[in-house]
Every structure is written in C-alpha cells, then in structure tokens.
Amino acid sequence: MIRCTINITCFLVASLAIAVEPLPGTSLLQEERPLDVVMIEGIDRFALRELAQSRALRETRWQPDYQTQQAYETSLQPSRERFAEIIGVVDDRVEATGIELIGTTESPSLVARCKLFSIHAVRWQVLEGVTAEGLLLKPVGQPIARVVALGDADWTPEMIAGLKPSETQFAAELAARGCEVLVPTLINRNSAFSGNSSIGRKTNLTHREFIYRQAFEMGRHIIGYEVQKILAAVDQFELRNQDLALPIAVVGVSEGGLLALYSGAIDTRIDATVVSGYFDERENIWNEPIYRNVWNLLSEFGDSELAGLIAPRFLFLETNSAIPVVNAPPSGNRQIAAPGLIARVNRQSAGREIRRARLHWSRLRGELGELDSIKSLVQSPTQQESVPPLQPQIIDQWLAQFAETDPATTTASDITALSSDARVGFSSENRQRRQVQELVDYTQRLLQLSHRVREQRFSSLNRQSVDDWVESAKPLRQEIWQRLFGQLPTPTVPSKPRSRKVLDDLAFSGYEVVLDVYPDVIAAGILLLPKGMKANEKRPVVVCQHGLEGIPMDTISGPESSGYRAYKSFSAELARRGFIVYAPQNPYRGRDTFRTLQRKSNPLGRSLFSYIIPQHLVTLRWLAALPNVDPKRIGFYGLSYGGKTAMRVPPMLPTGGAEPGYCLSICSADFNEWIAKNASIDAPFSYLWTGEYEIFEWNMAHVANYAELGMLMTPRPFMVERGHDDGVGIDEWVAWEYAKIRRHYNKLDIGDRTEIEFFDGPHTINGDGSFDFLHKHLSFENQRAPTEE
C-alpha cells in the first residue's frame, strides 16, 4: 500500500518560484486557461463542425439507381437494412395470427360506438413476450384503407380516438371516413415505472429513457421496439388483406411522427406515410431527448434520406402543427435524467429538408411520369403557428389522394356522438405499466443471453499459439474499435508540442504539455521526469490516468488534495520510484458539458473514445521520441474512469506495429461485468440509476465485454486492482469476468502475465501488487531509497 509524504502546498509554493521554461524540444506553452476547458471546447467545435458537414457527406454517399422504380428500390435495400439495424429492428417478429380482442365477461372488448364506427380494446403479438396494446377502430361499412395511428408519446390511444378531450382526434376522424385504424399505446414520458422497488431504486428517467438506456447497450432501442410494434400491426393488416386487399398507411404526430417516418422508411408494404410535427433537419439531434439518440444515424440518414427510402410511395408532411413542447425530464427522487428539448418544427429548416427530399421524387419522374407523391404543408408566415395537428381538412386532403375510394363525408357531431367508455375498471396507467414491463423483461433477457454471441465470436480465433491468436485477433480489434468506440482517421497534423515547467520537486520536475491531434483537438497532460537521469539512460514510462471529473494534478497532489483519498498521489509515487510518468487529461470533465460531446458524436458513429484513443496515440508518439524514454516500455495505469480508459485504449493500441503502443495495462476501480453494470435493473450499482447518461455504448453486449477487451491485450501483461468495498460493483462480478481473461492467458501458456489483486479498501488506488506488477513487467527496479518508503 502507498505511503506518500507529498504535500500539495510544497508543490504550489515551488511552482510559484519556477522559472517559466519549456521542456527541451518543445515551444513555450502560453495558454492561460485550464487545459481541460481548452480541450473540451475544442472537441466540441470539432464535433459540431463534423455534424454540420455530415449533410454534404450524406449527399455524396447517397447514390441510388434512378433508372427505374425497381432499380431504385433494389439499390436502396442495403440502406434500408442498415437503417433497421441502427434503430434495433433486428429481431424476428411473432407470426401474425389475428388481432386479439381484450375483454372479460364483465368488460367486453367493445369500448364505444357511434353510427360510423366502433372501438375495441385490442392487443397484437410483436416479439416473444412483447405485445402492442391499444384500440381498434372499425368503420361500419367496408373500409377504404387500413391505418396505424400514432399520437405523441404522452397521448393515450383514447385521446386520438375521440374518447378523451384532445385538440386532435385524428384516429376517430380517419375511422369516420371509412378507415380501419389501429392505435398502439406508446411508451410515455412519465417516470412512474422507471425504477425497481425491490432494490429501492426510483428515478426521474422518463419511461422512454429508462428503456433506451438498457436497450442501447443491447443494440436495441425504444424507437426500434415501437417500430416493431407498428410493423407487427402491418403484419396483421397484411393478414386481413388476404380477404380484402386495401392500402396501408402509418400516420403519426410528434413522437408518433418520428415512428411513422422510420417505419415507412423500413417497410415497403406501407403505401402511405403521414408525418406531422417532426420532419426537419437533424444536425441538432444531440439537443433532443436522449431516447432519440441513434448511433451513426447522420452518417447516412437525415430526414430527407429517410424520405428517399419511402419514395416513390406516398409521403405527406405537415410541418406547422402545434406539437407538445418538451423541455425537461420529469421530477423525481433521483435527478439523473438526461436533458433534452422537443420544439416545434422550424419552418425554414424543414423547408430546406423537404426540398432535398423532393429530389428523390423528381429524379424518378422519368420512369413514373408526372408522379409527385410527396406533399408538404409548410406554414406561411402570415398564419398562426398554433394549429392543432391533422385537422379534418388536412385529413381530407391527403386521404383523397391516397385512398382508392373517396372518403365518407363526416361532421364533428358524428364523433362527439360516441358512447362513453364501457370498460369496467380500465386504467391507462396499468396498461402503460404492462407495456413498459414487457420491454424491460425482453431487454433483460437479451442481457442474459448476450454472452453467447461474444463467446462465439472470440472462440473462432486461432489459439494454437500466442502468435496465431494475436494475428487472428487483428481484424476483430479493428472491428471493435470501429463498431464500439467509433474510429476517426489516424492523426496526421503536426503535434507542435508546447510545454512549461509547473513542478519542481526534490525527486522530479513536472511539465505541462499540449499536443495537437486534429484541428481544434488537443492532447494535454503533465510529464514527470525523475531527476538524476543520465543523458543516454532509457527508462520505462507509466501513463497514470485520472477518473471522472479529474485533472492530471489529482494523480500527483498530496493529502490536502480533495482527490488524494482515491489517487494517493500515485503518479508522484511512481516518479519517486524512478519511472518517467505522464498524467494525461481526458475529456470527461464538466458534467453536461462533456456529456453532450457524446451526444454530438453518437449520430456519426463516434464516442468520447473516438477522440481519447487518438489523443493517446499522439501522446505515445511524442513520449516514444523523448531522449530518456524506452518506447517499448510504456505502460498504462488508470483509476475509475481512468480504469475504463485502461479497458479501451491499450487494447486498441498494441505494441509491435508501425505506431507506438502500450506494453501493459492496469485497470483499477472499474473492472466489472460491464454489460450488466450498464443494463441490469437488479443491481443497485447499475448505471441505470446514475446521472452518467453518456456511459452507454451501442450494442456492446454483442460486441465485447471487459473479458473480451482484456483478451485483446494478449500477449501484453494485464492487471485488475479491486477493493472489496468499491461501490462500482461486487467482487463476485469482478471475479467472474476476470476469470475468463485468466483462463485465456493460461490456455496460451502466458498465465504469469495477468493478475488480479483484491484488497480491503474502497474505490481507490492500492499501490501494492500493482506497483510490483509495474516493476516486474517493465523490468525496472525501485529507485527510491528504503528510508523514503
């Protein structure tokens, strides 16, 4: 265990007397602002610039075959499949056998009726254990079309079916005009069921974010689940069409508009898509609620490209509707929900997106004649903005163009004459509870089974020898970097190292360092150089990584520092032992300021580690070129979020290639059964119950857990440091996951290169077995005098 005598006051006093001078071979660093602020602001500019440029890049990548309608649809099928995958529509649906009526002897399925249509309580099967539940509106005569009607997430089916007061009752209006209408219940933005009372967890997460968090880790999505419900309704309509073939439409408002657009883009069986209060430019999607965050969406699909997937089928857009404005998560016992805003559609930007969408139809006219099946209603500046969505005259307008038979003439009194809800003891809240719980149960089952996919992928690698395994793992490493973290191009800009001396201890000197990585993106940290090194002496380097909301000095400072309890000045201690030490700044600092970097990066298939890995690569290049550094002996040691870095950066940056890499890694106070840590509803320490909404990584459950990431360190040494009282997890989970790495190393006959140390302590550096591990595997003896220990 570390016994450190460093005093931060001495550091501060010493630094005031230090002559401002750079490290030899670097220019003088003159930045006056904190480097963590400079770093995060720079990444923010980079991410926003990339988002702004994504629209032009999508246009260059969008190359369908416009020669014929068949050629067009065939050329777009791979895009349709990729879109389905990124929203999590990947599971087989239950075969449609008929819409189920929900009723009992006391409360039959018939909910209400009027002279034009009747309303029934129904459900239909979607996925194994997952149903859609809502209302079926059946016209009295032969229907003219079959429609899935989707309100906003906070609207119940009863509201748009005419059973509850509402500004829009478009499902009832459609039924009154002769349409057969299914209205599924959507997962709403309440938080009543976003918790687990059996472990004492209650949150302010909306139901949508609650499902999103756990599903995202599984490669599923609240959006995808609800699209599956819509497509299952289309399955039922297809079954009914065997007796009477009718066109199928999906109609949605606000959140329902998103789902209608996404469903129409995926399924060519949908003849008409009507979107109210959603269609717009999406480069600011990061500012919308997190449950709309879709990994890699904007690399290929803005709203106009989704419209292109619908072309040449019927698409009707209403952009001036007065949709509900959402500006905050609901209140609750644990204020952990991600911020997000749903605003009304901006008519100017929506107009630009519609013009881009029209190009797809115009380019198809050569084959389809004068077909112009995209209709837009962009509110003129002279009209009021607060127009309720899908009013009767709007429904008449698009229905007349879409349906093969003229819709029936109706009046408002036809709908107001509906009888009252006949159900006994019905509760929309209980229905919402059932729908939420089904998706939770389904996602948790995916969690339980996900290890099979990971194990199958890694078991296919060649284990005949270490070299065989390393070679066979190269493509998989690349795939994981790209799919899980998001890979930016290898940095090529000159690093332009800048530095200034900031510490002068009896045992070492400290220099603040800045390196350029990409335009606006820097790497930064503090380099500790032991005093007394000979001119040609080569020593190993230990890169010591801080945790969440930390800075490099936290790993160096003494007992007066607020971070000392966790870090125990391990950077300074290692420097006193004679190691060259580098303490990098990582960009997970500033709460929502850095968390929105993740939001701004995910739509392009990127994450925080898309920047962190290149930052470390550029840092390694610079360190490897220093005169006293042995480039083959650069190890990594990180605590907490730094331990998370230990599981993501060194595995991606191996030694032995054209670029320098990390020759070992130590993960402290983070190693876990990471997938369950993120997605389990039964663990009190799960990230479902914390404010770290940036932590979730798309489909990690089916790509690589910590065991698989640890295996990618092969044949390099790897160690876990775990305190019994560390609240990030429990020993049993840590041991379970680490045992897979131990077995892997043993099977390759290199079991002496991996260790785990359990110690009696909390979330902290221990500095006992880990220091021995560094000395052993970096082949370096402790230079500190025994009297200093």
Notebook entry, point to check: Which shape class applies to the chain: rounded if a/c is under 1.5, otherwise prolate when a/b exceeds b/c and oblate if not, where a ≥ b ≥ c are the square roots of the Cα gyration tensor eigenvalues?
Noted result: prolate
Check: Quick one: with all protein chains in place, what share of the accessible area of segment 96-179 is carbon or sulfur, to the nearest percent (1.4 Å probe)?
Finding: 49 percent
Note to self: 5 Å is the cut-off here: which amide hydrogens, built 1.01 Å from N in the peptide plane, fall below it relative to PHE117, excluding neighbours closer than 5 in sequence?
What the structure shows: VAL140
Check: For the modelled label position 7 Å from the Cα of ALA417 along Cα-to-Cβ, which residues of segment 129-170 have backbone nitrogen atoms closer than 14 Å?
Finding: 140-141
Next item on the list: Give me the angle, in degrees from 0 to 90, between the Cα long axis of helix 466-480 and the longest principal axis of the Cα atoms of the chain, rounded to the nearest 10.
Entry: 50 degrees
Checklist line | Per residue accessible area in Å² of the chain, where ligands, DNA and RNA are left out and the probe is 1.4 Å | finding: 37 Å²
Next item on the list: Pull out the extension gain between VAL424 and GLU81, defined as 0.36 nm times the separation in residues minus the alpha carbon to alpha carbon distance; nm, one decimal.
Entry: 119.1 nm
Checklist line | Spin-label pair LYS138/HIS724, simplified geometry with 7 Å Cα→Cβ offset, distance in nm | finding: 6.7 nm
Checklist line | Cα→Cβ-extended label distance, 7 Å offset, between LEU244 and ASN284, nm | finding: 4.6 nm
Check: For segment 240-257, what does the Karplus curve 6.51 cos²θ - 1.76 cosθ + 1.60, with θ = phi - 60°, yield as ³J(HN,Hα) per residue in whole Hz, taken in order and with x for Gly and Pro?
Finding: 5, 6, 5, 8, 8, 6, 9, x, 10, 10, 10, 10, x, 10, 6, 4, x, x
Note to self: Strictly over 22 Å apart at the Cα level, which of LYS474/LYS740; LYS496/LYS568; LYS138/LYS164; LYS600/LYS677 would you flag in this model?
What the structure shows: LYS496/LYS568; LYS600/LYS677
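Quick one: putting +1 on the C-beta of Lys and Arg, -1 on the C-beta of Asp and Glu, what dipole do you get for segment 277-358 around its Cα centre, in Debye to the nearest 20?
For segment 277-358, the charge dipole is close to 140 debye.
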Notebook entry, point to check: Using the Karplus equation 6.51 cos²θ - 1.76 cosθ + 1.60 (θ = phi - 60°), what ³J(HN,Hα) coupling, rounded to whole Hz, does each residue of segment 596-608 give in order, writing x for Gly and Pro?
Noted result: 6, 4, 5, 4, 6, 9, 3, x, 10, x, 10, 9, 4
Checklist line | Long-range HN-HN contacts of VAL148 with modeled amide H, under 5 Å | finding: LEU182, ALA249, VAL250, VAL251
Notebook entry, point to check: Let a ≥ b ≥ c be the square roots of the eigenvalues of the Cα gyration tensor of segment 689-789; is it rounded (a/c under 1.5), or, if not, prolate (a/b larger than b/c) or oblate?
Noted result: oblate
Next item on the list: Quote the FRET efficiency, to the nearest 0.05, computed for ARG269 versus ARG445 with a Förster distance R0 of 30 Å and r equal to the Cβ-Cβ distance.
Entry: 0.60
Next item on the list: Would you work out the charge dipole size for the chain about its Cα centre, treating the Cβ of every Lys and Arg as +1 and the Cβ of every Asp and Glu as -1, and quote it to the nearest 20 debye?
Entry: 1020 debye
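Between ASP682 and LEU548, what's the calculated FRET efficiency when r is the beta-carbon distance and R0 is 25 Å? Round to 0.05. Spell out each step's value before the answer.
Details: r = 24 Å, r/R0 = 0.96.
Here the calculated transfer efficiency is 0.55.
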Next item on the list: Would you work out which of SER495, LEU653, VAL424 lies farthest towards the positive end of the dipole of the chain, given +1 charges on the beta-carbon of Lys and Arg and -1 on that of Asp and Glu, about the Cα centre?
Entry: SER495
Next item on the list: Could you state how much accessible area SER607 has, in square angstrom rounded to the nearest 10, with a 1.4 Å probe and all protein chains kept in place?
Entry: 10 Å²
Item checked: Two-site FRET efficiency, ARG565 against ASP731, from Cβ-Cβ distance with R₀ of 30 Å, rounded to 0.05 -> 0.90
Margin query: Name the residue from ASN327, ILE290, MET711 whose Cα lies farthest towards the positive end of the charge dipole of the chain, charges +1 on Cβ of Lys and Arg and -1 on Cβ of Asp and Glu.
Written below: MET711
Next item on the list: Compute the long axis of helix 8-17 from its Cα atoms, compare it with the longest principal axis of the Cα atoms of the chain, and write down the angle in degrees, 0 to 90, nearest 10.
Entry: 80 degrees
Next item on the list: For segment 631-647, take each phi angle, set θ = phi - 60°, evaluate the Karplus expression 6.51 cos²θ - 1.76 cosθ + 1.60, and give the result in whole Hz per residue in order, putting x for glycine and proline.
Entry: x, 8, 10, 10, x, 10, 8, x, 10, 6, 4, x, x, 4, 4, 4, 8
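Out of all DSSP beta bridges in the chain, what portion is antiparallel? Express it as a percent rounded to 5.
If I count the DSSP bridges inside the chain, around 45 percent turn out antiparallel.
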Notebook entry, point to check: Counting only protein heavy atoms, what percent of the accessible surface of segment 641-789 is carbon or sulfur at a 1.4 Å probe?
Noted result: 50 percent
Check: Out of residues 5 or more away from LYS202 or on other chains, whose amide H comes under 5 Å of its own, with H placed 1.01 Å from N in the peptide plane?
Finding: ASN196
Margin query: Please list, by residue number, everything in segment 292-324 whose backbone N is under 15 Å from a paramagnetic label point 7 Å out along Cα→Cβ of GLN397.
Written below: 315-322
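Using Cα pairs closer than 8 Å and at least 6 residues apart in sequence, work out the relative contact order for the chain, in percent. Walk me through the numbers on the way to the answer.
Working: 1648 pairs, mean separation 122.0, N = 789.
Relative contact order for the chain comes out at 15 percent.
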Item checked: Reachable aspartates and glutamates, given that their alpha-carbon falls under 14 Å from the alpha-carbon of LYS534 and they are not under 8 places away in the same chain -> ASP630
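Determine the shape class of segment 493-589: with a ≥ b ≥ c the square roots of the Cα gyration tensor eigenvalues, call it rounded for a/c under 1.5, and otherwise prolate if a/b is greater than b/c, oblate otherwise.
On the way: a/c = 2.04, a/b = 1.08, b/c = 1.89.
The shape class here is oblate.
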Item checked: Separation of the LYS538 and ARG433 label points, Cα + 7 Å toward Cβ, nm -> 6.8 nm
Note to self: Per 0.36 nm of contour for each residue apart, how much would the distance between GLN53 and THR492 grow if the chain were fully extended, relative to their Cα-Cα spacing?
What the structure shows: 156.0 nm
Check: For the charge dipole of the chain, defined by +1 on Lys and Arg C-beta atoms and -1 on Asp and Glu C-beta atoms about the Cα centroid, which residue among ASN204, LEU364, LEU48 has the Cα displaced farthest towards the positive pole?
Finding: LEU48
Item checked: Separation of alpha-carbon centers, segment 91-142 and segment 271-326, rounded to whole Å -> 28 Å
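The values are calculated or read from the model by the stated rules, or taken from the named source; none is laboratory data. Bear in mind that the values here come from a model prediction, so they are computed numbers and not experimental data. A quick note on method: Cβ atoms are made from the backbone with ideal geometry, for glycine too, and the neighbour counts reach across all protein chains shown. Heads up: the accessible areas ignore ligands, DNA and RNA and are worked out on the full protein's heavy atoms, side chains in. Shrake-Rupley method; radii C 1.70, N 1.55, O 1.52, S 1.80 Å.
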